[in-house]
Amino acid sequence: VFWLPPAIYKSACRIEVKHFPFDQQNCTLKFRSWTYDRTEIDLVLSSDVASRDDFNPSGEWDIVSLPGRRNEIPTDPTYVDITYDFIIKRKPLFYTINLIIPCVLITSLAILVFYLPSDCGEKITLCISVLLALTVFLLLISKIVPPTSLDVPLIGKYLMFTMVLVTFSIVTSVCVLNVHHRSPSTHTMPEWVKQMFLKKLPTLLFMKRPENRSIKDRIDKKQSSADTDGKADQDDVQTCYVNKESAKKYGWRLGDMSDDQDSRKKASAKINSSVQEAVDGVRFIAEHMKSEDDDQSIIEDWKYVAMVIDRLFLWIFVLVCVVGTLGLYLQPLFQNYASPETFSDAE
């Protein structure tokens, strides 16, 4: 007697969300009689693979395999069942376009935080905007993924990884801005900072500081030439050349001046006193400009240190983001699923 009863079977199985949206599920259907044992009804497996003749293609799942097997228990001769394993794989295109690619693009924005100059004043704003965008995506995923506490989905891990990076980028940006706005009146640059961030790290990070001639260098050069001219003037201080009309104006007699050494010294002293006042004024201005240039040079050093720190964290974040992204999204390629024999042995 061949009896084929019409029936539609519904089954529920535990969902593994560890590799979502690149997950693969194994749903098992077991057929046996509850009222009759093997001596009264014997179940025979007609095929090792379930038929797909009446299967309608799904837009979300692909069938990987449908193996079937007949299970017997040697210690119980009355037990027999037929088990089918429905191994299905999720189609990840929808989640890749709508979740994964936007998350990767938002992560790239977190990297650009370290390429943004500190003078623009938008570093913290960009960090917080990226953090808010990731929070919105996290709320989206919580509605899509089945609620379970057994495993964390892959996309959830990536979002948490990115949020940790963005939070750390906010902390580093605050530190960089603190260094960028330092001045000689508030902080003194230690020697190890000069050696590390002004000499060693820029070479390793392929950074070259432009060599602009500062005001201090120009003043030093002019002062050295002025000192040379001053020495020459001091050597010729005894020689005095006076115009005839100027001599008559001050009541000098050329004969007396040529003969009287004291008169020449007095005339030179009068001229040198006015010149000395002018020189003192110029020297005061030069010293003031030199002091301002020294302060500005230290401020520029602090700004360059902040730039080096930014570049250092830029390369670190690029490396961490690339390694973290590849490490997380390549996990499904190495995922292992329990074989049907494992399930039968466990039962």
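The values are calculated or read from the model by the stated rules, or taken from the named source; none is laboratory data. Because the structure is predicted, anything quoted here is derived from the model rather than measured. All Cβ positions, glycine included, derive from the backbone under ideal geometry; neighbour counts span all protein chains shown.
Of note, residue 137 satisfies the criterion of being outside the structural domain of residue 62 (by TED's automatic domain parsing), buried (at least 18 other Cβ atoms within 10 Å of the Cβ) and over 17 Å from residue 322 (Cα atoms).
Looking across 186, 167, one residue alone is more than 19 Å from residue 311 (Cβ to Cβ), surrounded by fewer than 17 Cβ atoms within 10 Å (Cβ to Cβ) and in contact with a Leu (Cβ under 8 Å, 6 or more places away or on another chain). It is 167. Going by the conditions given, is residue 268 surrounded by 13 or more Cβ atoms within 10 Å (Cβ to Cβ), in contact with a strand residue (DSSP E or B) (Cβ under 8 Å, 6 or more places away or on another chain) and modelled with pLDDT under 75? No, not satisfied.
Restricting attention to region 1-38 and to residues that are touching a strand residue (DSSP E or B) at 6+ places or on another chain (Cβ under 9 Å), surrounded by 13 or more Cβ atoms within 10 Å (Cβ to Cβ) and of a type in the set (A, V, I, L, M), the residue that is farthest from residue 96 (Cα to Cα) turns out to be 29. Suppose the filter is surrounded by fewer than 13 Cβ atoms within 10 Å (Cβ to Cβ) and modelled with pLDDT under 85; does residue 41 pass it? The answer is yes for residue 41.
Is region 81-102 home to any residue that is part of a loop (DSSP other than H, G, I, E, B), at pLDDT below 85 and under 52 Å from the mean Cα position of the chain (by Cα)? No, region 81-102 contains no residue that is part of a loop (DSSP other than H, G, I, E, B), at pLDDT below 85 and under 52 Å from the mean Cα position of the chain (by Cα).
Does residue 142 satisfy the criteria of being without any contact (Cβ under 8 Å) to a residue 24 or more places away in the chain and assigned to a loop (DSSP other than H, G, I, E, B)? No.
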